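Participant: Take this structure, written in structure tokens, and hold onto it; I'll ask about it next.
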Amino acid sequence: WDNADFSRGVGTTFYQEFPTLNTAKPPFVRDVEAKVRRYLRSSYSAAWTLKITWEKAPAYAAQTDTQRTITYQAVLTTDGFRSYILMLYQEGGMRWDYTRLAATNVLIGYT
């Protein structure tokens, strides 16, 4: 997530925390739990979830292109023992022109 550049006033980042230990779970957290259960075929009940959204984020360096923006999210969740991350991209995937980025070792995902 280090190649987004908000220095030109285009795009924004925001987050929402969902502490759900001993509380009613909002629909968003129930959806995250369902995805973890489906993808990993295991039981899962979230105790805490964090949703981070990068909205209309231009690639670094923004002075070269503020038209190709991307909206994406990271959802971190834990039951207190196991932790997971969901990485969600807008329909159409990553729209930055990676050939114009300063880094040549572009990676979508994590290692």
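The numbers here are math on the coordinates, done by the rules we state, and not lab data. If you're wondering where the values come from, they're calculated on a predicted model, not measured in any experiment. Glycine gets a Cβ as well: all are built from the backbone with ideal geometry, and neighbour counts include every protein chain shown.
Participant: Fully extended, how many nm does the chain gain between Phe6 and Leu86 (0.36 nm per residue separation, minus their Cα-Cα distance)?
Facilitator: In short, 26.5 nm is gained.
Participant: Which net charge results for the neighbourhood of Leu86, defined as the other residues with beta-carbon distances under 12 angstrom from its beta-carbon, given Lys and Arg at +1 and Asp and Glu at -1?
Facilitator: The answer is +1.
Participant: Ok, one more. Go through the range 1-93 and name the GluC sites (Glu not before Pro) that are in a DSSP coil and have 15 or fewer other Cβ atoms within 10 Å of their Cβ.
Facilitator: Loop-located and lightly packed - Glu91.
Participant: Using only alpha carbon pairs under 8 Å that are at least six residues apart, calculate the relative contact order of the range 12-100 and give it in whole percent.
Facilitator: 26 percent
Participant: Report the dimensions of the range 12-100 along its three principal axes from the alpha-carbon atoms, largest first, rounded to Å.
Facilitator: 48, 24, 21
Participant: Could you give the nm distance between label points at Ser43 and Phe14, where each point is 7 Å from its Cα heading toward the beta carbon?
Facilitator: Result for the modelled spin labels: 3.7 nm.
Participant: Looking at Tyr39, Pro19, Ser83, which one has the Cα that reaches farthest to the positive end of the dipole of the range 12-100 (charges on Cβ: Lys, Arg +1; Asp, Glu -1)?
Facilitator: Of the candidates, Tyr39 comes out farthest on the positive side.
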